[in-house]
Structures are given as structure tokens and as C-alpha cells.
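To start, the structure itself, in C-alpha cells.
Here, each number is a calculation from the coordinates, and none is a lab measurement. Keep in mind the model is a prediction, meaning the values are calculated, not measured. Heads up, the Cβs are rebuilt from the backbone with ideal geometry, glycines too, and the neighbour counts pull from every protein chain shown.
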Amino acid sequence: MLVPENGHFRFDPLDSIDATHPLIRRVLCPERYDNIRESDPRSLATLLNICTALESVPLPDRCFPGPLYFDWQPVWDLLSPDRVWAWVDMRLVEAIREASCLRAFAHDPRPRARHAGIPGRAGPATTGWQEVRFDLANLNLTFHEYDRRTFDWTGPLGDTRSVDCVIVEAGMNYWGDLLSLGLCDSIPPAEARMNYAAELSYQLRWMVTRQEGLPEFNPPYSIE
């Protein structure tokens, strides 16, 4: 699957996402979604790529069988074409740690060396995990646990609950055996790579899930 050169993003409406990706819909704020799809479509595509990948990640917990069953709130003004920053229920940190027993994630022994944070917004990383299910296009989840905040979330029945959250930095690793996929010629130069991160992540994750015989990677947007 190759994405069109100089293609345009076409995002699904929220009511459609609610029907096809209800867990992703919980992450999206209508006002922010409408604004960013016009002002910064690549960053929105990256958010949807990461959320779609998170939908398929297994966790060994009956109440929270996947990362998106926890509460997430993107930091919308920090979204970029190559990564997502979000507040997330701090219980996800331990859930990802336990997922290593399923061989879904491997621990990053030196997260602070590569994830120093953002001055005034997020401190240095405290722990990090790399998805290891595929040869490439794996998720990276890096937690900045010095940054904590309590949110009051309203559930679908109108109930309100307080949730203790930490900041997570989420991205996708493009590298692996690109030659076996015949993709070396399609990788943009290093200086342009971040600008095409959303398209590249979409393309690679779709291919590796097909290779593994998993459900198709199908984020709620298209590139036309």
C-alpha cells in the first residue's frame, strides 16, 4: 500500500468515528478536532495513527484490555507530525509494564537520554517502552511521571470521576528491515522525514499488520 504523492488528508466525521472506532472517539474533543484538521492535518493524522495502533495492543487486564480503555487527553498544542503528547491515567504505566509478559513491549533502559521533555511543559522521561511485535512501525510509549495532574472526567451516563494522570509521549518507530518490504526508495530524506511521518507511519503499519495476518490497520482518515 503506497500513499499518493502530495495527497490530501480526508478525515472521517466524528459520528462515523464513534461507530467504527468508539475508543478513539473517546480521545477526541469536537472543537479541537475540527480546528486541527484544518490547521494541522498531519499532526491530526499522527494522533489517529497512534490511537489506531493502540486499539490493537493487548493488555493482561480484563477491565482494561487495551491502552485506550484508560482515559486519555491529548495536549493539542503539542501535537506534531511525528509524535503525540497526552495526559493519561497513570495506571497505564503499570499496565504497559505488565504487558511485557505478553512480549508486546520491551523496556527502554535509558529513556531520559532520548526524551528530555519540553522546558516548562514536561520534565524528563522516567520510563519508556518499545512495542516489539513487528519488524518496524512499532509504538514507543515514554512516560514523564514527574508531571502529574488530576482530571474530572464525565462518563457516558453523566457520572463524574477523578483520574490521576501523567504525561505520555507517544510515537512510532519507522525503522527495521525496509529492504524486505521494498520501501527503501520511498523513504524521504532525513531533513524532510518529520513532515512525512504521518504518511510513512500509515503505510508501514498497514504493511506489517498485513504481513502478520492481523486485522487491517485502518485509521479513520484517508489520503487522496
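A few comments on the model shown:
- Qualifying residue in region 37-48 (condition: among the hydroxyl-bearing types (S, T, Y) and in contact with a helix residue (DSSP H, G or I) (Cβ under 7 Å, 6 or more places away or on another chain)): yes
- Members of region 118-158 that are in contact with a strand residue (DSSP E or B) (Cβ under 6 Å, 6 or more places away or on another chain), within 20 Å of Q73 (Cβ to Cβ) and outside any strand (DSSP E or B): G123, A125, T126
- Within region 110-124, considering residues that are among the small types (G, A, S) and over 17 Å from D164 (Cβ atoms), the one surrounded by the fewest Cβ atoms within 10 Å (Cβ to Cβ): G120
- Summed over region 130-156, the residues that are acidic (D, E) and either closer than 30 Å to Q203 by Cβ or surrounded by fewer than 13 Cβ atoms within 10 Å (Cβ to Cβ) (or both) give a count of 3.
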